[in-house]
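Peer 1: First the structure, then my questions, so here it is.
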Amino acid sequence: MYDDSYLIGRIKEGNYVAYNLLIKRYNKYVWSILYQILKNREEVEEAYQDTFMKVYRSLEQYNDQSKFSSWLYKIAYNTGLDYAKKRKIRTIDIDNAYAVGEEAKVIDVMERNSVRKQLEMYLEKIPADEATILKLFYFQEMSVKEVAEILEMTETNVKTKLFRSRKKLAELIAKNNDELLISYNDGRA
């Protein structure tokens, strides 16, 4: 299988087969990003096509210094937000925030789903920009550097916002005496 940089090089040379391979590689990834934002199949289909058109038109500006998937995520995320603004969506949910491995036990899956649903409820109560940073870092498991690239912030700013957002979220949880969330620890701090 060809790596992203090889395919991108071929696409820049006009190879449409390479472009189709790249789309095939990332189609589920882009679809899930857009669906998390839009929650509407028809809009997701439009935004999906728009995203890959933007990728194709912008490929010359892609810089190999960053991961292609982060660059693509940023384009898909911004395209989804553009479509959402048309509908005036104010918040973004994350479906399937946790991937469940084959070795996961049913009870663990149920607990994670319950925790995720509760976290989503609390995330809707904090400002959207703070919720987005937490979702990218924890649910999408992106690094601080990747979050900074996507949101066009410095890494220091992302770390500061992560700290403040976590604190705000923890205060909300504590205020509501939500014991399930207070006792739950996913290992990322």
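Peer 1: Under 13 Å from a label point 7 Å along Cα→Cβ of residue 60: give me every residue in segment 13-28 with its amide N that close.
Peer 2: Only 13-14 fall inside the zone, counting backbone N under 13 Å.
Peer 1: On full extension of the chain, what length is gained from residue 167 through residue 82, given 0.36 nm per residue of separation minus the C-alpha to C-alpha distance?
Peer 2: 27.7 nm is the gain from fully extending residue 167 to residue 82.
Peer 1: Please work out the FRET efficiency for the pair residue 6 and residue 41, using the Cβ-Cβ distance as r and a Förster radius of 45 Å; give the result to the nearest 0.05.
Peer 2: Using R0 = 45 Å, I get an efficiency of 0.85.
Peer 1: If I model a spin label as a point 7 Å beyond the Cα along the Cα-Cβ vector, how far apart are those points for residue 67 and residue 53 in nm?
Peer 2: Result: 2.9 nm between the two label points.
Peer 1: Right, another one. Among all the lysines, which ones have a C-alpha under 21 Å from residue 24's C-alpha, if same-chain residues fewer than 8 places away are not counted?
Peer 2: In chain and number order, the partners are 12, 54, 67, 74.
Peer 1: Based on Cα coordinates alone, diagonalise the gyration tensor for segment 4-87, multiply each eigenvalue by 5, take square roots, and list the semi-axes in whole Å, largest first.
Peer 2: They are 23, 12, 11 Å, listed from largest to smallest.
Read the figures in this text as sums done on the coordinates, not as results from a lab. If you're wondering where the values come from, they're calculated on a predicted model, not measured in any experiment. Here the Cβ is made from the backbone with ideal geometry for all residues, glycine too, and neighbour counts use every protein chain on show.
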